[in-house]
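Below you'll find the structure, written out as structure tokens, and then a few comments.
The values are calculated or read from the model by the stated rules, or taken from the named source; none is laboratory data. In this text, all values refer to a predicted model and were calculated from it rather than measured experimentally. Here the Cβ positions follow ideal geometry from the backbone for every residue, glycine too, while neighbour counts run over all protein chains shown. Ligands, DNA and RNA are excluded from the accessible area calculation, which covers all protein heavy atoms including side chains. Shrake-Rupley method; radii C 1.70, N 1.55, O 1.52, S 1.80 Å.
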Amino acid sequence: MKITLNGSVAETDSPDLAALVTAKGIDPCALVIEHNSRVIKQEHWGTTPVREGDVIELLNFVGGG
């Protein structure tokens with residue numbers, strides 16, 4: 001299915017947000033997901049389905065100063 005991921009069209013077969021994070025190889029510890037303009041808590045990633053046309057932003061927090 002086609003989704004918009006971080007501003008670009010992407011193909012995925014991930015059934016939910018948790019699977020998408022795993023498929024992308026991203027460390028979930030410092031990650032925030034915005035799904036269709038809503039921030040999704042990490043405990044809900046596994047129950048939030050990814051559907052055709054979804055807009056998803058994977059946002060990493062980076063320390064620094």
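The table for this structure:
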item: Mean residue ellipticity (222 nm) of the chain, computed from DSSP H runs ≥ 4 via -39,500 (n - 2.57), nearest 500; result: -3500 deg cm²/dmol
item: Accessible area of Lys41 in the full protein assembly, 1.4 Å probe (Å², nearest 10); result: 130 Å²
item: Estimated inter-spin distance, Glu57 and Lys2, nm [label 7 Å along Cα→Cβ]; result: 2.2 nm
item: Percent accessible area from carbon and sulfur atoms, the chain, protein chains only, probe 1.4 Å; result: 53 percent
item: Computed over the chain: relative contact order in percent, which uses C-alpha pairs under 8 Å that are six or more apart; result: 44 percent
item: Stretch gain in nm, segment Ala23-Thr47, where the contour uses 0.36 nm per residue and the Cα spacing is subtracted; result: 7.0 nm
item: Reduced Cα scattering model of the chain, Debye log10 I(q)/I(0), q = 0.12, 0.25 Å⁻¹; result: -0.27, -1.14
